[in-house]
Amino acid sequence: MANKTLGTRQKLSFRVEPSQSRPRNPVAVAAQQRAGGAGPHRKNASAQRQQLKAELQSKLGGDDKD
């Protein structure tokens, strides 16, 4: 006769969560801590021109495009 209690008994399961104290990518952390860091990049010349043009248009009140 089969043991019926083994099928209904709750199984033990151990849940292991990743530790948040260890960085995911230690190279990225080291680069970010250096002078300058791994922060945002500067915009190139064309992006800066576009931004200045958009700011000028908004200050002049002209919302229509060329």
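Descriptive notes on the structure:
- All conditions but one from (1) open to solvent by 100 Å² or more (accessible area, probe 1.4 Å); (2) modelled with pLDDT of 65 or more; (3) under 29 Å from the mean Cα position of the chain (by Cα) apply to residue 20; the one that does not is (2).
- With respect to being within 16 Å of the chain's Cα centre (by Cα), surrounded by 10 or more Cβ atoms within 10 Å (Cβ to Cβ), in a helix (DSSP H, G or I) and modelled with pLDDT of 75 or more, residue 47 falls outside the description.
The values are calculated or read from the model by the stated rules, or taken from the named source; none is laboratory data. Note that the structure is a prediction, hence the values are computed from the model and not measured. Note that we place each Cβ from the backbone using ideal geometry, even for glycine, and neighbour counts take in every protein chain shown. Heavy atoms of the whole protein, side chains included, go into the accessibility calculation; ligands, DNA and RNA do not. Shrake-Rupley method; radii C 1.70, N 1.55, O 1.52, S 1.80 Å.
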